[in-house]
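One structure is given below, encoded as structure tokens.
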Amino acid sequence: MECYCGSKKPFSACCEPFLEGKALPETPEELMRSRYSAYVVGNGAYIVATSVKENRYGEDVALIEEYAQSVEWLRLEVVVAKEKTVEFKAYYKDAEGIKVQHERSNFVFEEGMWLYQDGKIFNSKIERNDPCPCGSGKKYKKCCA
């Protein structure tokens, strides 16, 4: 099975070892991709564990899992990955239709591993002539819009 993060690698050779605690992401981009995969599979504990200490709240695990399972995750697009920042668009479908979370995330290297620090959310939308996030190959306006 291909990894949820869009790397084109098998899940078992990409994000799964991170989610199972068998390996640590070596770059902020790997961490961000694995966090996306954690949302797809509903692994809230991984999301909390890969956040900086001051943002780790055990009670968030259930909330994250509830949210993650309330939507259908469609696709991840990495816009740009730099030294400690990764800008991405995560496409998902909820009861109101297809949406995009566009964020520039900041990461820090602490405790011997990369951790999510914070992010800036952009007000983005899917344009009519963009490729449809559902993966059909059609323009959004001719597909899911």
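The values are calculated or read from the model by the stated rules, or taken from the named source; none is laboratory data. No experiment lies behind these values; they were computed from the predicted model shown. Neighbour counts run over all protein chains shown; Cβ positions are idealised from the backbone, glycine included. SASA here: full protein model, heavy atoms, side chains in, ligands and nucleic acids out. Shrake-Rupley method; radii C 1.70, N 1.55, O 1.52, S 1.80 Å.
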Within the accessible area of the chain (1.4 Å probe), percent carbon and sulfur: 48 percent
Just the number please: accessible area per residue for the chain, 1.4 Å probe, all protein chains included, in Å². 58 Å²
Low-density loop cleavage sites - chymotrypsin sites (Phe, Trp or Tyr not before Pro) in the range 46-145, where at most 16 other Cβ are within 10 Å (DSSP): Tyr57
Label-to-label distance, nm, for residues given as Lys142 and Glu110 (7 Å Cα→Cβ offset): 4.9 nm
Of the residues Ile47, Cys15, Gln69, the Cα lying farthest along the dipole of the range 5-77 towards its positive end, which is defined by charges on the beta carbon of Lys, Arg, Asp and Glu, belongs to Cys15
Computed about the Cα centre, the charge dipole of the chain from +1 Lys/Arg and -1 Asp/Glu charges at the Cβ has a magnitude in debye, to the nearest 20, of 860 debye
Once you order the gyration tensor axes a ≥ b ≥ c over the Cα atoms, which shape class does the range 33-87 get: rounded for a/c under 1.5, otherwise prolate or oblate by comparing a/b with b/c? oblate
Qualifying trypsin sites (Lys or Arg not before Pro) for the range 1-105 [loop in DSSP, other Cβ within 10 Å: at most 11]: Lys8, Lys22, Lys82
In nm, to one decimal, how far is the Glu77 label point from the Ala49 one, both placed 7 Å along Cα→Cβ? 3.2 nm
Here are a few candidate values for P(r) over Cα pairs in 10 Å bins from 0, in percent: [x] 10, 40, 34, 14, 2; [y] 13, 47, 34, 6, 0; [z] 12, 40, 37, 11, 1. Which one was actually calculated from the structure I just gave you? [z]
Quick one: angle between helix 60-70 and the longest Cα principal axis of the chain, in degrees between 0 and 90, rounded to 10, please. 20 degrees
Rounded to 5, percent antiparallel among DSSP beta bridges of the range 47-121: 95 percent
Please identify every one of the GluC sites (Glu not before Pro) in the range 9-52 that sits in a loop by DSSP and has no more than 12 other beta carbons within 10 Å of its own beta carbon. Glu20, Glu26
Please give the Cα centre distance for the range 35-89 versus the range 90-145, rounded to the nearest Å. 12 Å
Taking the chain as the reference, fit the longest principal axis to its C-alpha atoms, fit the long axis of helix 28-41 to the helix C-alpha atoms, and give the angle between the two in degrees, 0 to 90, nearest 10. 70 degrees
